[in-house]
Amino acid sequence: MYKIEKTNYGFKLTFSETVSLNEINKWYQDCETILLNPPNEFKVMIDMVNILPLTNDTQEIMQKGQELFKKKGMIRSVVLVNKVVIAMQFKRIASESGIRSSERYLATENPNAMTMAMDWLVKGIEPSD
């Protein structure tokens, strides 16, 4: 399952459970639509707290989606996670898509995760451990 929301900083993407190949393809099509006329620069929060690891096929489409967001003006992103395996998977995908240097990963077990996420997105303040 996924959800795409427009926000005052750009977009919030939420993924949960198992994301099938059909669903990730639909997500990519939806992203193409919402990014037809994006702001010049925007930021993205990605909530991966309830997602299960992606298959190889779905990872490829996720990478394409990250490349699309970057091409359309994404300047910073933050990923909220609660599983190390998800953080590792998305760091690798981000490295391959070219967004790794502008993306941060925060564990939701940290009580300050949301504040740090917003500080990174809106103000460019590096999250602290």
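Before moving on, here are some points about what is shown:
Let's see how each residue does on (1) modelled with pLDDT under 95; (2) surrounded by fewer than 17 Cβ atoms within 10 Å (Cβ to Cβ); (3) in contact with a Lys or Arg (Cβ under 8 Å, 6 or more places away or on another chain); (4) in a helix (DSSP H, G or I):
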| position | (1), (2), (3), (4) |
| --- | --- |
| ILE4 | no, yes, yes, no |
| ASN8 | no, yes, no, no |
| THR14 | no, no, yes, no |
| PRO39 | yes, yes, no, no |
| MET45 | no, no, yes, no |
| GLN59 | no, no, no, yes |
| MET62 | no, no, no, yes |
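- Residue list for the stretch 64-115, filter: among the β-branched types (Val, Ile, Thr), assigned to a helix (DSSP H, G or I) and open to solvent by less than 70 Å² (accessible area, probe 1.4 Å): ILE86, ILE93
- Selection within the stretch 27-37 - polar (S, T, N, Q) and either touching a residue at least 12 places away in the same chain (Cβ under 8 Å) or open to solvent by less than 30 Å² (accessible area, probe 1.4 Å) (or both): none
The values are calculated or read from the model by the stated rules, or taken from the named source; none is laboratory data. Small disclaimer: the values here were computed from a predicted structure and weren't measured. Don't worry about glycine lacking a Cβ; one is built from the backbone with ideal geometry, like all the others, and counts go over all protein chains shown. Please note that ligands, DNA and RNA were not included when accessible areas were found on the heavy atoms of the full protein model with its side chains. Shrake-Rupley method; radii C 1.70, N 1.55, O 1.52, S 1.80 Å.
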